[in-house]
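K.L.:
Pasting in a structure now, in structure tokens, and then I'll have a few things to ask.
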Amino acid sequence: MSREQMTSRARVLKSISHEEPDRVPIDLGGNQTGIHKFAYRNLLDHLGIHDELTIMDAVQQLAKPCEKLLERLHVDTRYIAAGAGAGFEGSIVSRTREGRVWHNLTDEFGVTWSMPDDEPFFMDISHHPLAQATRQDVRDYPFPKGDDPARFAGLRERALTLRNETPYAVVSGISGVVYEICWYLRGLQQWLTDTVTEPEFCESLLDCTLKFWLDWFRLFLDEVGDLVDVIMIGDDIAGQTGPLFRPDFYRQIVKPRQKQLVQYIRSRTTAKIWYHTCGSCVNFIPDLLDNGIHILNPVQISAKDMDPPTLKSRYGNRLVFWGGGIDAQHVLPSAHPTEVRDHVHRNLEVWKPGGGYVFNNVHNIQADVPPENIVAFYDAAYEFGFYA
């Protein structure tokens, strides 16, 4: 007899409202909570599930999980995502360079991402279109239209189907990437130099990406602001040991623009706002809360000062933690399934009390994670996630 007392959507909503549901909600399938195509194929073979492989994120080479797998793993979330602007094909073009075949994708912002055919794990940036740009070049650059109606064609119908015909929580695809797109366009080394030597240039470029996302969200929220339960935004602002750039640059230049976006979203919907940053972001958590976010992901518990007991005790009554289910660097890919199970159990004992937690890995399940460990990971979350 099932111990479950709630629908998936009710379970997620209760937990992200800092109340204890019947069990901890479980997530899989987003751009930061997904599974690499190789791990996905191996997992399906292990479980005897048949599915055509569909890539839902070409850059990260993430698979779109099939419904049968999501049900097997007791996943409580389902994702919807807007599309590209009119006329953008997003096709992958193969080229030979220095004796290797490369698969290239140029995104709407003009950034080219490339993946070698002999190591088809993910794409890295091979062309930064604003690497040599001036402030005038930024003003003249053909940024895509965030409020292109073609992006949102059919979105409301898909969201209504999930809301009315399934029991699952509705979560948006990743959006609101105000900061990271700037270094995609500029190149990381040049951008970090700019933060010291050309802060006005940085502000000009950030204003352009902010405008794109404000325009984007105006139409997105018109379409589904009343239907989504969680909205995912994010920019990586931390690394393994701390901030990726000067905290004063974040607080003076990046944060006001992020806050403007978050406050606009909050003015248009009751959906909870989920913010993604990897790494040791603990010093930025007060800033993110001040911006108005509700949820932090992926909770990289192997990074400096990101241990679950400290985070839960300091911020558990104000911040929902989404992720942090296991050490994804040292345990999930290489430990025995029994150790995976034990690690999940220990972490859940910290995260569970009082709600405010959604279970997932730290970021995406990578290509080398054995299927036995993935099964142990999710089965342990289900077994030990019940509150009574």
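K.L.:
Pick from region 170-208 the residues that are touching a residue at least 40 places away in the same chain (Cβ under 8 Å) and hydroxyl-bearing (Ser, Thr, Tyr): which of them is farthest from ASP148 (Cα to Cα)?
P.N.:
THR195
K.L.:
Let me confirm something: among GLN5, GLN61, which residue is buried (at least 19 other Cβ atoms within 10 Å of the Cβ) and not acidic (Asp, Glu)?
P.N.:
GLN61
K.L.:
Then there's this: Restrict the check to region 308-324 and report whether at least one residue is in a loop (DSSP other than H, G, I, E, B), over 22 Å from GLY34 (Cβ atoms) and in contact with an Asp or Glu (Cβ under 6 Å, 6 or more places away or on another chain).
P.N.:
no
K.L.:
Also, I was wondering about something else. Given the criteria within 12 Å of ILE253 (Cβ to Cβ) and open to solvent by 40 Å² or more (accessible area, probe 1.4 Å), does GLU203 qualify?
P.N.:
yes
K.L.:
Looking for something acidic (Asp, Glu), over 21 Å from the mean Cα position of the chain (by Cα) and within 18 Å of SER302 (Cα to Cα) - is there at least one such residue anywhere in region 356-378?
P.N.:
So far as region 356-378 goes, no, none of its residues is acidic (Asp, Glu), over 21 Å from the mean Cα position of the chain (by Cα) and within 18 Å of SER302 (Cα to Cα).
K.L.:
Right, something else. Can you tell me which residues in region 218-241 are touching a helix residue (DSSP H, G or I) at 6+ places or on another chain (Cβ under 7 Å), outside any strand (DSSP E or B) and either in contact (Cβ under 8 Å) with a residue 60 or more places away in the chain or at positive phi (or both)?
P.N.:
If the condition is that a residue be touching a helix residue (DSSP H, G or I) at 6+ places or on another chain (Cβ under 7 Å), outside any strand (DSSP E or B) and either in contact (Cβ under 8 Å) with a residue 60 or more places away in the chain or at positive phi (or both), then LEU219, PHE220, GLU223, VAL224, LEU227, VAL228, ASP229 are the ones that fit.
K.L.:
Let me ask something else. Would you mention how many residues in region 257-312 are among the acidic types (Asp, Glu) and under 18 Å from ASN360 (Cβ atoms)?
P.N.:
Qualifying residue count for the region: 1.
K.L.:
Return the residue satisfying two criteria in turn: it lies in region 371-388 and is closer than 22 Å to LEU13 by Cα, among the hydrophobic types (A, V, I, L, M, F, W, C) and open to solvent by 10 Å² or more (accessible area, probe 1.4 Å), and of such residues it is modelled with the lowest pLDDT.
P.N.:
Out of the qualifying residues, it is ALA388.
K.L.:
With PRO129, PRO120, PRO142 as the choices, which residue is part of a loop (DSSP other than H, G, I, E, B) and open to solvent by 70 Å² or more (accessible area, probe 1.4 Å)?
P.N.:
PRO142
K.L.:
Identify, from the list PHE245, PHE284, the residue that is more than 21 Å from VAL320 (Cβ to Cβ) and either in a strand (DSSP E or B) or open to solvent by less than 30 Å² (accessible area, probe 1.4 Å) (or both).
P.N.:
PHE245
K.L.:
Still on this structure, I have one more. Take the residues in region 150-169 that are among the polar types (S, T, N, Q) and without any contact (Cβ under 8 Å) to a residue 40 or more places away in the chain; name whichever of them is surrounded by the fewest Cβ atoms within 10 Å (Cβ to Cβ).
P.N.:
Taking the candidates together, the pick is ASN164.
K.L.:
Just give me the residues in region 258-281 being in a helix (DSSP H, G or I) and either surrounded by fewer than 20 Cβ atoms within 10 Å (Cβ to Cβ) or without any contact (Cβ under 8 Å) to a residue 24 or more places away in the chain (or both), in sequence order.
P.N.:
Scanning region 258-281 gives LYS259, GLN260, GLN263, TYR264, ARG266, SER267, ARG268.
K.L.:
Looking only at region 348-370, count every residue that is assigned to a helix (DSSP H, G or I) and either open to solvent by less than 20 Å² (accessible area, probe 1.4 Å) or at positive phi (or both) and tell me the total.
P.N.:
The total comes to 2.
K.L.:
Name the residues in region 102-117 that are open to solvent by 60 Å² or more (accessible area, probe 1.4 Å) and either outside any loop (DSSP other than H, G, I, E, B) or among the small types (Gly, Ala, Ser) (or both), would you?
P.N.:
Residue satisfying the conditions is THR106 alone.
K.L.:
What's the total number of residues in region 72-101 that are on the phi < 0 side of the Ramachandran plot, among the acidic types (Asp, Glu) and exposed (fewer than 11 other Cβ atoms within 10 Å of the Cβ)?
P.N.:
So the answer is 1.
K.L.:
Among the residues of region 146-184, write down those that are under 20 Å from PRO129 (Cα atoms), in contact with a helix residue (DSSP H, G or I) (Cβ under 7 Å, 6 or more places away or on another chain) and part of a helix (DSSP H, G or I).
P.N.:
Within region 146-184, ILE181, CYS182, TRP183 meet the criteria.
The values are calculated or read from the model by the stated rules, or taken from the named source; none is laboratory data. The structure displayed is predicted, hence computed values, not measured ones. Neighbour counts run over all protein chains shown; Cβ positions are idealised from the backbone, glycine included. Only protein heavy atoms, including side chains, enter the accessible area calculation; ligands, DNA and RNA are left aside. Shrake-Rupley method; radii C 1.70, N 1.55, O 1.52, S 1.80 Å.
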